[in-house]
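**Student:** I'd like to ask you about the structure that follows.
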Amino acid sequence: MGTTGTTGTAGTGDVDAGRGSARIPPVAGFAAWPPPAESPKRAGKALRDSVPRAEHSGFTVAPGRPGAVAAVEASNAGRLPALTPIRVGRMAATPFAFLRGSAGLMAYDLAHGTPATGIGAQLCGDAHAANFGLYGDARGGLVIDLNDFDETAVGPWEWDLKRLAASLVLAGREAGADEDVCAGAARDAVGAYRRTMRLLARMPAAEAWNAIADEELVSHTDARDLLGTLERVSEKARRNTSARYAAKSTRLLDDGARCFVDAPPVLRRVPDAEAAAVASALGRGGDGAGDGYLATVPEDRLPLLERYAIHDVAFRVVGTGSVGTRSYVVLLLDHRGEPLVLQVKEARATALAPALAAAGFAAPRVPHEGRRVVLGQKRMQVVSDILLGWTSVEGRPYQVRQFRNRKGSVDPAALAADQVDDYARMTGALLARAHSHSADPRAVAGYCGKGEALDEAVGAFAVAYADRTEADHGELVKAVRSGRLAAELGV
């Protein structure tokens, strides 16, 4: 098992208090000059002796591992009981869907049944193949990146990579690709990650930070077979706006205001007191349990938000792993009646926390779970939603973000066989870019190396873990059929 090492732990610099230039003494938070003799690249390379790359092919089911049904039941704790059957139904749909809803179980397996290098990075925590997508930037353009950070925390960089690789095998199987294609996609994702880290390690720091612009992504990852799919998703994303959602999900009242229209079980209006509590939490003072949303948004965004009035609040069911958590959509209108919809989504403690402690990573100090999610997202993305923030509603932490901000996504389980490996390379490169914002790319690249040893090892792990997930999914389906777990299918 790995422990937190000094080889690039997220958020630290190579500061040496005894070194500096003749004119300027060392400053905490900045690197020392001249650079230390032990470079991050050499330190990363040296880790291969203690954690050989070939060992990443292994996966051991640890004694005491919770069963799939027990893990799902435990993860339902604290969720709204009326919605957990929807969550179980969505997870029971396919093995890939089961993986999407079981980040905590996979983290347990990674902590107790796989090696760890000890290099820390800001993790997505749930970097499966469906958690990459398009969204709008402040100038109306589209960006492609990781787009789900509910489980984000600092941990072993290889956990995100292994989750991505395993998910690609499962998505490929669901799409009907043969086993060679599925295994090849897992290897290709790791190869793209490794090559991208090497590229970033060689670049000047400022250039590497924003490298691999979206217009260069296809050529960088040789993903040309995916172009048509990306263009179709982009066209759909441009139409996926607050205005379009409001037109479908709200109605005009006699006084010119708008309100949401019930669409059970996914969307329902809430009692006045609940709506008022959510709306109040969007102000500066919050609900008395901490700062409100406006106190967490950058000050230069406040004049924009001041031009909108809050008109209505509704409860909306979201996601697969998130089903059962509290999530609201808030309708705001400007002076012309043009809508802006915000999502106020409950932020629970990351499901990775117990596994991170078992792997030797300190439990995150989290003053507010919504803050953890937002800061983790900003740390990993090149461009983030300009209205990200957090708040508390009746003592519970929430994250706040734009809803339907020109979002679009590729369904990896619906790709043609000749596109699966292209998508794998693209997501592998995006994950490397995201990790490089916290882990030193020189250290990770030093460990990964030039050859394909890591690609082959993680590819083998991905196939083995996909098999394990299929068995877990079968256990869940059996529990649903026997009546042990209630499930609403197809919702």
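**Student:** Given 0.36 nm per residue, what is the gain on full extension from Ser39 to Ala138 after removing their alpha carbon distance, in nm?
**Tutor:** 31.8 nm is the gain from fully extending Ser39 to Ala138.
**Student:** Can you tell me which of 76-85, 168-177, 155-164, 349-358 comes out highest on packing, and rank the rest after it, using the mean Cβ neighbours within 10 Å?
**Tutor:** In descending order of packing, they fall as 155-164, 168-177, 349-358, 76-85.
**Student:** A further question on this structure: What list of ³J(HN,Hα) couplings, whole Hz, do you get for segment 381-396 from phi and the Karplus terms 6.51, -1.76, 1.60, once you set θ to phi - 60° and write x for glycine and proline?
**Tutor:** Listing the rounded values in order: 8, 6, 10, 10, 3, 6, 10, 4, x, 8, 6, 10, 10, 6, x, 9 Hz.
**Student:** Mind giving me the nanometre distance, one decimal, between the label points for Ala28 and Glu274, set 7 Å out from Cα along Cα→Cβ?
**Tutor:** Placing both labels 7 Å along Cα→Cβ, they lie 4.7 nm apart.
**Student:** Now for a separate question. Please turn the phi angles of segment 133-150 into ³J(HN,Hα) values with the Karplus equation 6.51 cos²θ - 1.76 cosθ + 1.60 (θ = phi - 60°), one per residue in order, whole Hz, x for glycine and proline.
**Tutor:** These are the phi-based 3J(HN,Hα) values: x, 9, 7, x, 9, 5, 9, x, x, 10, 10, 10, 5, 4, 9, 9, 9, 4 Hz.
**Student:** What residues qualify as long-range amide H neighbours of Ser327, i.e. H under 5 Å apart, gap of 5 or more or another chain, H built at 1.01 Å from N?
**Tutor:** For Ser327, whose amide H was placed from the backbone, the distant partners under 5 Å are Arg316, Glu346.
**Student:** Whole number please: convex hull volume per residue, Cα atoms of segment 285-390, in Å³.
**Tutor:** 140
**Student:** By a straight-distance test (C-alpha under 28 Å), which lysines pair with Lys45 as possible cross-link partners, with residues fewer than eight away in the same chain excluded?
**Tutor:** Those lysines meeting the cut-off are Lys162, Lys450.
**Student:** Report, to one decimal in Å, the Kirkwood hydrodynamic radius for segment 349-388 based on all distinct Cα pairs.
**Tutor:** With all distinct Cα pairs of segment 349-388 included, I get 11.4 Å.
**Student:** Tell me, what does the Kirkwood hydrodynamic radius of segment 17-134 come to in angstroms if you use every pair of distinct C-alpha atoms?
**Tutor:** One decimal place: 18.6 Å for the Kirkwood radius.
**Student:** Suppose we keep just the DSSP beta bridges with both residues in the chain; what percent of those would be antiparallel, to 5?
**Tutor:** Here the share of antiparallel DSSP bridges comes out near 100 percent.
**Student:** Another one. From the helices alone, meaning DSSP H stretches of at least four residues, give me the mean residue ellipticity at 222 nm for the chain, per-run term -39500 (n - 2.57), in deg cm²/dmol to the nearest 500.
**Tutor:** -13000 deg cm²/dmol
**Student:** Mind ordering 322-335, 434-447, 111-124, 209-222 by average Cβ neighbours within 10 Å, highest first?
**Tutor:** Top of the packing list down: 434-447, 111-124, 322-335, 209-222.
**Student:** Let me ask something else about it. Extending each Cα 7 Å along its Cβ direction at Met203 and Glu216, get the distance between those two points in nm, one decimal.
**Tutor:** Calculated label separation equals 0.5 nm.
**Student:** Still on this structure, please answer the following. Give the long-range amide H neighbours of Gly120: residues separated by 5 or more places, or on another chain, with amide H under 5 Å away, using H modelled in the peptide plane at 1.01 Å from N.
**Tutor:** Gly5, Thr9, Ala10
**Student:** What are the semi-axes of the equivalent ellipsoid for segment 76-190, taken as the square roots of 5 times the Cα gyration tensor eigenvalues, largest first, in whole Å?
**Tutor:** 21, 20, 19
**Student:** Still on this structure, I have one more. Which aspartates and glutamates does Lys248 reach when only Cα atoms under 15 Å apart count, and residues fewer than 8 places away in its own chain are ignored?
**Tutor:** Asp262, Asp312, Glu338
**Student:** Now for a separate question. Using a Cα-Cα cut-off of under 18 Å, which aspartates and glutamates could be cross-linked to Lys41, ignoring same-chain neighbours fewer than 8 residues away?
**Tutor:** Hits, sequence-local ones excluded: Asp14, Asp16, Asp49, Glu158, Asp440, Glu452.
**Student:** What are the extents of the Cα atoms of the chain along their three principal axes, in Å, largest first?
**Tutor:** 71, 67, 44
**Student:** I would also like to ask the following. For segment 150-262, evaluate the Debye formula with one uniform point scatterer on each Cα (no solvent term) and list log10 I(q)/I(0) at q = 0.15 Å⁻¹, rounded to two decimals.
**Tutor:** Log10 of I(q)/I(0), two decimals: -0.93.
Every read-out reported here was derived from the displayed coordinates using simple, explicitly stated rules and does not represent laboratory data. In this text the structure is predicted, and so the values were computed from the model without any measurement. FYI the Cβ positions are ideal-geometry reconstructions off the backbone, even for glycines, and counts take in every protein chain you see.
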